[in-house]
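Asks: Mind having a look at this structure? Questions to follow.
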Amino acid sequence: MNSVVSVVNIARCVAGGIISLFFIMQMVQGDDLVRFSSADYLSPVILPVNDQQANSEEDEEDETAKKHAAHAKDIAKFPPIGPLSPAKIPADNPQTPAKIELGKKLFFDPRLSGNNWISCATCHNPALGFADGLPRFIGGPGSKEGGRHSPTIINCAYNELQFWDGRAPTLEAQAIGPVQNPDEMFETLDSAVRKLSKLPDYVKAFQEVFGTGVTVDGIAKALAAFERTIIYANSPFDKYMQGDATAMNESAKRGMNLFNGKAECIICHNGPNFTDNKFHNIGVPAEGPIKEDLGRYNITKNESDKGAFKTPTLRNITDTAPYMHDGFFPTLFEVVQFYNVGGGRSENKSHHIHSLRLTPEEVNDLIEFLKALTGEPVQITYEASPIIYPNLPKSF
Ligand code: HEC
Ligand code: HEC
């Protein structure tokens, strides 16, 4: 038994040494030379910094210290993180209980799709943090893998623009997109309206809410009204900020200081919803069917937007793995390690992304803080199992 254990230990040491060497080499060469593949993140690698390495990396440390000092000045000017205030409701789509109820029904109804199998909740499933738990979505008649990760729609009422590339200006404009998208729900709007018009419950509800029959405009408005109720708050972080000093543990408190300071997350994940609503290229490696996703550039055609994606909220982040626009990272540990070594490789990478030199304890503290951002639904509740999973295509 002992000999088995020691063989395992030796194997671990050797593997650990090789992996550390790999990272040391890259850190010595400088952040921009790092080329990532998913394998680099699968092992929990945290660099031991011994004296010898520290010497050989002095220059880089100076450089990092300079960058930290430069950023420290800036950090105070970012909107502080804190509890959410009520989301803005557009004047032309006021919230009413009947409209929200209609939107909820539509959201869970697979009849909005071409084969009556896929609902919004297939990819934005309340049981999976209103995402789908997959790296990249699966949809369309052939249930093919898409190019991007289904983002959570928790707190999407606070987004200034919708989608990873911000191509939809409002929730109303966004809502009918997936219905018509050939890779998602592959239904035509005419056909969706025709189908719903045959269902007396819907006809009655549209009449009550909008004073019309079933219309595309009504579908969009009701879905958006429902989505504006998917607000999650009262997280340990919120409680802590509202004066309950015991709501976050000591590690999470240290993590919050890192978030606002040394780790510089606040530069982009700022304000009560932890996003600046802007687009940045942080060098996330490409994975999945899209070989090079140009992100925001597809919309603006500005060179500076190449490979830039919307800063996502970090609220309820523990519920919505995997992470990033292409679902590249399976865990928060890998995400934080990615930032720690200076992000990925891209010619257009944001100058805010550089190596952070967080110690293993600091990495853990930052993760503890991210865990403290998970809250609970505060406006409406969902039945334990609002969707029975008939929504998956037959080929599953
Ligand atoms: C087949 C999977 C799938 C279905 C079905 C689906 N979505 Fe999505 N949803 C996605 C993906 C993937 C994205 C991100 C796409 C992108 O950024 O290009 C997204 C993005 C969104 C966003 C933007 C969130 C943000 O933070 O930017 C909202 C809101 C949304 N969907 C609502 C809906 C609604 C409402 C429906 C039903 C009418 C729906 N979705 C159906 C996969 C899906
Ligand atoms: C320069 C702006 C910027 C900084 C600084 C930054 N982020 Fe991000 N963050 C982003 C963007 C943009 C994305 C999405 C990138 C993508 O998908 O290509 C993201 C994605 C994430 C995600 C994945 C979210 C999801 O839903 O998939 C996590 C977690 C995260 N960041 C945490 C952090 C932490 C922790 C820090 C500090 C160590 C940090 N970020 C610093 C801009 C930034």
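The values are calculated or read from the model by the stated rules, or taken from the named source; none is laboratory data. Here the structure is a predicted model, which means the values were calculated and not measured. A quick note on method: Cβ atoms are made from the backbone with ideal geometry, for glycine too, and the neighbour counts reach across all protein chains shown.
Asks: Identify the residue in the stretch 118-159 that is more than 10 Å from ligand 1 (Cβ to nearest atom) and assigned to a loop (DSSP other than H, G, I, E, B) and, among all such residues, is nearest to residue 174 (Cα to Cα).
Replies: Among them, the one singled out is 129.
Asks: Filter the stretch 215-230 down to residues that are in a loop (DSSP other than H, G, I, E, B) and surrounded by 21 or more Cβ atoms within 10 Å (Cβ to Cβ) and give me whichever is nearest to the chain's Cα centre (by Cα). Spell out how you get there, then give the answer.
Replies: Our first condition is that a residue be in a loop (DSSP other than H, G, I, E, B); within the stretch 215-230, this holds for 215, 228-230.
Pick out the ones that are also surrounded by 21 or more Cβ atoms within 10 Å (Cβ to Cβ) and you get 228, 230.
Working: 228: 18, 230: 15 Å.
Restricting to residues being in a loop (DSSP other than H, G, I, E, B) and surrounded by 21 or more Cβ atoms within 10 Å (Cβ to Cβ), the top hit is 230.
Asks: While we're looking at this one, here's another question. Any chance you could count how many residues in the stretch 116-133 are touching a Ser or Thr at 6+ places or on another chain (Cβ under 6 Å) and not charged (D, E, K, R)?
Replies: Within the stretch 116-133, residues that are touching a Ser or Thr at 6+ places or on another chain (Cβ under 6 Å) and not charged (D, E, K, R) number 4.
Asks: Now, a different point. Take the residues in the stretch 315-352 that are in contact with a Ser or Thr (Cβ under 9 Å, 6 or more places away or on another chain) and among the aliphatic types (A, V, I, L, M); name whichever of them is farthest from residue 277 (Cα to Cα).
Replies: Among residues in the stretch 315-352 that are in contact with a Ser or Thr (Cβ under 9 Å, 6 or more places away or on another chain) and among the aliphatic types (A, V, I, L, M), the one farthest from residue 277 (Cα to Cα) is 341.
Asks: Let me ask something additional. List pairs: first residue in the stretch 166-189 and within 16 Å of ligand 2 (Cβ to nearest atom), second residue in a helix (DSSP H, G or I) anywhere in the structure, Cβ distance under 6 angstrom, at least six positions apart or on different chains.
Replies: 167/299
Asks: For residue 296, are the conditions met, namely being in contact with a helix residue (DSSP H, G or I) (Cβ under 7 Å, 6 or more places away or on another chain), among the charged types (D, E, K, R), within 11 Å of ligand 2 (Cβ to nearest atom) and assigned by TED's automatic domain parsing to the domain that holds residue 368?
Replies: Against the criterion (in contact with a helix residue (DSSP H, G or I) (Cβ under 7 Å, 6 or more places away or on another chain), among the charged types (D, E, K, R), within 11 Å of ligand 2 (Cβ to nearest atom) and assigned by TED's automatic domain parsing to the domain that holds residue 368), residue 296 qualifies.
Asks: Also: Go through the stretch 335-353 and count every residue that is near ligand 2 (Cβ under 6 Å from one of its atoms) and either at positive phi or not in a loop (DSSP other than H, G, I, E, B) (or both). Break it down stepwise before answering.
Replies: Within the stretch 335-353, the subset near ligand 2 (Cβ under 6 Å from one of its atoms) is 335-336, 339, 350, 352-353.
Filter once more, so that each one left must be either at positive phi or not in a loop (DSSP other than H, G, I, E, B) (or both): 335-336, 339.
Residues flagged as near ligand 2 (Cβ under 6 Å from one of its atoms) and either at positive phi or not in a loop (DSSP other than H, G, I, E, B) (or both) within the stretch 335-353 amount to 3.
Asks: Mind listing whichever residues of the stretch 177-187 are surrounded by fewer than 20 Cβ atoms within 10 Å (Cβ to Cβ) and in contact with a helix residue (DSSP H, G or I) (Cβ under 7 Å, 6 or more places away or on another chain)?
Replies: Quick first cut of the stretch 177-187, residues surrounded by fewer than 20 Cβ atoms within 10 Å (Cβ to Cβ) only: 177, 180-183, 186.
Result: 180, single match.
Asks: Quick test of your reading of the structure: residue 145 fulfils all but one of (1) touching a strand residue (DSSP E or B) at 6+ places or on another chain (Cβ under 6 Å); (2) without any contact (Cβ under 8 Å) to a residue 60 or more places away in the chain; (3) of a type in the set (D, E, K, R). Name the failing condition by number.
Replies: (2)
Asks: Collect the residues in the stretch 279-331 that are among the polar types (S, T, N, Q), touching a residue at least 40 places away in the same chain (Cβ under 8 Å) and not in a loop (DSSP other than H, G, I, E, B), keeping them in residue-number order.
Replies: As a first pass, look at the stretch 279-331 and keep what is among the polar types (S, T, N, Q): 281, 298, 300, 302, 304, 311, 313, 316, 318, 320, 331.
Pick out the ones that are also touching a residue at least 40 places away in the same chain (Cβ under 8 Å) and you get 281, 298, 304, 311, 313, 316, 318, 320.
Matches in the stretch 279-331: 298, 304, 318.
Asks: Say whether the condition of being within 16 Å of the chain's Cα centre (by Cα), within 7 Å of ligand 2 (Cβ to nearest atom) and more than 22 Å from residue 367 (Cβ to Cβ) is met by at least one residue in the stretch 310-321.
Replies: yes
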